[in-house]
Structure formats: structure tokens, C-alpha cells
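The values are calculated or read from the model by the stated rules, or taken from the named source; none is laboratory data. The shown structure was predicted, so the numbers you read here are calculated from the model rather than taken from an experiment. Cβ placement follows ideal geometry from the backbone for every residue including glycine, while neighbour counts extend to all protein chains displayed.
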Amino acid sequence: EKIQKYKESIKNYNLACNLDRKNYIYFYHLARMYVYLEDISSAIKFFEKSIILNPYNVFAYYEIANLYFAKLKNLTEAKKYLIKSLEYEPNFISSKNLLASILLQENNKIAALNQYNEIEDILQKYEPKTEYEKSLLDFRIEMLYLNKANILKNIGDFKLATYYYKKYYELLKNENIKNNKTIK
């Protein structure tokens, strides 16, 4: 039944795209429907169309990067799109996080740790006020601490790794974990 709804949505978004060929949001959502159907090549095609219409849509760059990373296992292409998204929006935490994951797969632990340090700095510095800011800064703090702790352990900084593991476990104990809380 879900698949049928996605197919119906694709028909409707195609109609919308044909009515307004310059509306990047229609193409973006059309691409999302193809993601749900696991039609990766169509999804990338329509995310690309969305980017052509609005090259500042950092979410489309991220979506393409995520497809190249998770579905196509193409780290080079994924990285290219993440870097572009971060050129336009340096505080886009999802892009920084995915870039850190790629850097870890490339065994570049220090560069990955630097991405996580930047994420931590951003979350300390900014309190999101608009929906757009919330979407840029949406990140589970406890995962930041766990990722940093794992990297620190792997590079031999056990003292700092322990510090971040403790922060991670403290947050896990708290039932009211909230995304994007200011780090204290």
C-alpha cells in the first residue's frame, strides 16, 4: 500500500513539475518519492534538476551525497556533493556528519574528528530559532559524543575518549534527551 501511495505521489509531482518547470521544490519532492521506491538513478536525476533550479538548496546536495554514500558506495561522488553543500551552508550538521563518516571510511581519523569538533562548536554556538535553522542544526548530541569517543580511542587519546564516553552515557541515562540542546 505504501508503494502505491509513493507511485501516486510521483504522478502528482510530475503533474506539478509540468505545470511549473521552475519550481525546485516540486523536483526535490519528486526525487524523495523515487528514494522511497529505491529508484536511485531517478532520485539523483530529479535532485540534480532541483539543484539546477536552485543551486543553494543544500538539502538536495546532501540527499545526493547520501545516495552515493549509502546506496552506491561511491565515496568520491558523495564527498563532492557534501563539500558543495558546506560551501553554501557551513553549519549544515548533517553534511558535516556524513563527511566525517566518509573520512572515517577513508581511514582519515583526524579529519573526521575535526568535522565532529566543528559540529560540537556549532552546537555550542547556535540556538536554532527558525525551522530552517532547526533543520540545519538537527543532530543527536549523544551520537556526537559517541563518535568522538570512538575516534579518540582509536587514535590513542584514552583520557579524552573516556570523557566523551561518560558524556554519552550520561545522556543515555536521561530519558528526556532532546535534539540540539546547548552543550554544557
Among the residues of region 96-150, which ones are of a type outside the set (D, E, K, R), over 25 Å from N74 (Cα atoms) and out of contact with any helix residue (DSSP H, G or I) (no Cβ under 9 Å at 6 or more places or on another chain)?
Q124, T130, Y132
Just need a number here: residues in region 144-156 that are among the polar types (S, T, N, Q) and either touching a residue at least 60 places away in the same chain (Cβ under 8 Å) or crowded, with 21+ Cβ neighbours inside 10 Å (or both).
1
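Conditions tested, residue by residue: (1) surrounded by 21 or more Cβ atoms within 10 Å (Cβ to Cβ); (2) of a type in the set (A, V, I, L, M, F, W, C); (3) free of Cβ contacts under 8 Å to residues at least 12 places away in the same chain; (4) in contact with an Asp or Glu (Cβ under 7 Å, 6 or more places away or on another chain).
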| site | (1), (2), (3), (4) |
| --- | --- |
| A78 | yes, yes, no, no |
| K84 | no, no, no, no |
| E87 | no, no, yes, no |
| F92 | yes, yes, no, no |
| S95 | yes, no, no, no |
| L99 | yes, yes, no, no |
| L104 | no, yes, no, no |
| N108 | no, no, yes, no |
| A112 | yes, yes, no, no |
Residue by residue through region 151-184, note down the ones that are part of a loop (DSSP other than H, G, I, E, B) and at pLDDT below 95.
N174, E175, N176, I177, K178, N179, N180, K181, T182, I183, K184
Could you tell me whether I141 is among the aliphatic types (A, V, I, L, M) and loosely packed, with under 14 Cβ neighbours inside 10 Å?
no
